[in-house]
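**Student:** Structure below; questions to follow.
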Amino acid sequence: MQVPAHFFVLSGFLGSGKTTLLSDLLSDADDGRVAVIVNDVGQVNIDGALIAVQSGVPMATLSNGCVCCTLTNDLPYTIEALIMERERNGGAPFTKVILECSGLSEPGGVLRSLSPLAALGMRVRVITTYASDQIVGSDDFALAAAQLCAAHTIVLTRMDLASAEQVSEALTFVQEMGPMATQIVERDRRERARVSFATDNTGVPAPGRPERLLDLKGAGHPRVSVFAIQWDAKLEWTTFAAWLENLAGYLDTRLLRVKGLVLLDGCDESILIQGVGQHFDTPRRIPGHESVSSLVVISRDTILAEIEGMAPHLPGARYSMLRSPGAGGSFRLARPD
C-alpha cells in the first residue's frame, strides 16, 4: 500500500473557516496528490468534481486530480479505502491526507482513533482554525482549550471580517491557549492555505545539529497552565509509565498536552513522549545527548500541587509552573515536533 507521508487533522469550531481553508488548498493544488476526508463531499465547493462510490465510500475526484471523500463510521477503513482506490486507478501516491473534523471534535479522540494505523508510519499533525472575529464563551472554553492546545499549527481566519484590534486579540488568545503551536497570520487566502499545510518542516533534529529549543515565558491564560518537570536520574520504564498513566487518569479531560524527552535505564538515546488529551503516541528514540529528562505538561484548571503529588514519585524531580498568573521565568525544552 502506497502510504502518504503526512496526515493532517483539521480541527476548529463550526464556522471557523475549516472548509474554506480546504477549498483554497484544493483549488491551488497542481500535483493532484492531496486527499481530503470530510463529513460530506458536497461541503467542499470545487468545480469539475466527479462523485462516485468506491469501496462503499463516496469519493469526489477533482479536475486537478485531488480527491475528497466522505468520512465513514470507521476512520481507519476510510483512510485505507482512499489509498487502495488510488492504487487501483494507477494514480500517483498521495503526499498528504487531510481529515476535516466536526466543530465539536477534540483532536485527542481523533488521534486515538488513528491508533490502528500507527504501523503505517504517517506523520500526523493537528491544525486548528480560529476565527479572528470569534469570542469563546465559558461554555465553549474546555473545547477551545482542547482544540488549540493540541495544535501544531493554529491558523487565524476570517481576518477580512475582523478589525485590527480583533485580530490582535485573537492572536494573543491563541498564543495563550496553544503555547506549543506555530501561529499562521496571513491575509492572502491561497498563501494561508499553502503555509498551513506545508510539509517541509521535518520536526526532529538530525544527529549533530544544534537542538531547536522551545522557550516558554511569562504569563498566559488564567485557566491554562504549563508545568515543567526535570530530573537527572535515569528511570525504569515501568516507573515512568505508571506516573504517566496516573497523570492522565487523574487529570482526565483537564489534561491537554504532554511533551518531552526522558532518559530511561538501558537506553542510550532520549525517548520522545508526546500526548494530546488522553492519547499518547508510541514512544520513540531520538538521537542526541540529553543530560536530563525534561517534560512539559499543559492542563486546564490545575495547580502545581496536583502535579507534584502524582505517584509514583519521580526521584529528584524539579517542578515549576509557567504561563499562569503570577508565574515568571522560562523553561527550555529540546523540541522535536
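**Student:** Out of region 167-179, which residues are under 21 Å from ASP301 (Cα atoms) and polar (S, T, N, Q)?
**Tutor:** Hits for region 167-179 are THR172, GLN175.
**Student:** Pull up region 150-166, narrow it to residues that are over 20 Å from ILE298 (Cβ atoms) and small (Gly, Ala, Ser), then point me to the one that is surrounded by the most Cβ atoms within 10 Å (Cβ to Cβ).
**Tutor:** Taking region 150-166 first, the residues over 20 Å from ILE298 (Cβ atoms) are 156-166.
Remaining after also requiring small (Gly, Ala, Ser): 162-164.
Details: ALA162: 18, SER163: 11, ALA164: 9.
So the residue we want is ALA162.
**Student:** Look through region 234-291, keep the residues that are among the charged types (D, E, K, R) and farther than 23 Å from ALA150 by Cα, and return whichever of them is modelled with the lowest pLDDT.
**Tutor:** First, pick out the residues of region 234-291 that are among the charged types (D, E, K, R): 234, 236, 245, 252, 254, 257, 259, 265, 268-269, 281, 284-285, 290.
Remaining after also requiring farther than 23 Å from ALA150 by Cα: 234, 236, 265, 268-269, 290.
Working: LYS234: 93, GLU236: 95, ASP265: 93, ASP268: 88, GLU269: 90, GLU290: 75.
Selected residue: GLU290.
**Student:** If I filter region 253-274 down to residues being under 15 Å from the mean Cα position of the chain (by Cα) and free of Cβ contacts under 8 Å to residues at least 40 places away in the same chain, which single residue comes out as nearest to LEU235 (Cα to Cα)?
**Tutor:** Applying the filter and picking the extreme gives ILE273.
**Student:** So is ALA92 out of contact with any Phe, Trp or Tyr (no Cβ under 9 Å at 6 or more places or on another chain), exposed (fewer than 15 other Cβ atoms within 10 Å of the Cβ), small (Gly, Ala, Ser) and farther than 14 Å from VAL126 by Cα or not?
**Tutor:** Spelling it out, ALA92 is indeed out of contact with any Phe, Trp or Tyr (no Cβ under 9 Å at 6 or more places or on another chain), exposed (fewer than 15 other Cβ atoms within 10 Å of the Cβ), small (Gly, Ala, Ser) and farther than 14 Å from VAL126 by Cα.
**Student:** Next question, about the same structure. Are any residues in region 167-189 under 18 Å from the mean Cα position of the chain (by Cα), of a type in the set (Val, Ile, Thr) and surrounded by fewer than 19 Cβ atoms within 10 Å (Cβ to Cβ), and if so, which ones?
**Tutor:** Listed by number, the residues that qualify are THR182, VAL185.
**Student:** Moving on. Just to be sure, is GLU165 free of Cβ contacts under 8 Å to residues at least 24 places away in the same chain and outside the structural domain of VAL224 (by TED's automatic domain parsing)?
**Tutor:** Considered against the rule, which asks whether it is free of Cβ contacts under 8 Å to residues at least 24 places away in the same chain and outside the structural domain of VAL224 (by TED's automatic domain parsing), GLU165 comes out as yes.
**Student:** Considering only region 141-173, how many residues are within 30 Å of ILE79 (Cα to Cα) and part of a helix (DSSP H, G or I)?
**Tutor:** So the answer is 8.
**Student:** Only one of ILE303, ILE298 is among the aliphatic types (A, V, I, L, M), surrounded by 19 or more Cβ atoms within 10 Å (Cβ to Cβ) and modelled with pLDDT of 90 or more. Can you tell me which?
**Tutor:** Values: ILE303 fails: surrounded by 19 or more Cβ atoms within 10 Å (Cβ to Cβ).
Going through ILE303, ILE298 in turn, just one is among the aliphatic types (A, V, I, L, M), surrounded by 19 or more Cβ atoms within 10 Å (Cβ to Cβ) and modelled with pLDDT of 90 or more: ILE298.
**Student:** Now for a separate question. GLY203 versus (1) at pLDDT 50 or above; (2) in contact with an Asp or Glu (Cβ under 6 Å, 6 or more places away or on another chain); (3) under 29 Å from GLY12 (Cα atoms); (4) not hydrophobic (A, V, I, L, M, F, W, C): which is the lone unmet condition?
**Tutor:** Unmet condition: (1).
**Student:** While we're here: Find the residue count for region 174-189, including only residues that are free of Cβ contacts under 8 Å to residues at least 60 places away in the same chain and part of a loop (DSSP other than H, G, I, E, B).
**Tutor:** So the answer is 6.
**Student:** Taking region 119-135 as the region of interest, how many residues are within 16 Å of ALA193 (Cβ to Cβ) and under 13 Å from the mean Cα position of the chain (by Cα)?
**Tutor:** 4
**Student:** Now for a different question. Name, by its number, the condition in (1) charged (D, E, K, R); (2) in contact with a Lys or Arg (Cβ under 7 Å, 6 or more places away or on another chain); (3) surrounded by fewer than 21 Cβ atoms within 10 Å (Cβ to Cβ) that does not hold for ARG123.
**Tutor:** With (1) charged (D, E, K, R); (2) in contact with a Lys or Arg (Cβ under 7 Å, 6 or more places away or on another chain); (3) surrounded by fewer than 21 Cβ atoms within 10 Å (Cβ to Cβ) applied to ARG123, the lone miss is (2).
**Student:** In this structure, does THR129 turn out to be closer than 19 Å to VAL36 by Cβ and at pLDDT 95 or above?
**Tutor:** Values: closer than 19 Å to VAL36 by Cβ: yes; at pLDDT 95 or above: yes.
When the stated conditions are applied, THR129 passes them.
The values are calculated or read from the model by the stated rules, or taken from the named source; none is laboratory data. Quantities reported herein were computed from a predicted structural model and do not represent experimental measurements. When we count neighbours, we look across all protein chains shown, and the Cβ atoms used for this are built from the backbone with ideal geometry, even at glycine.
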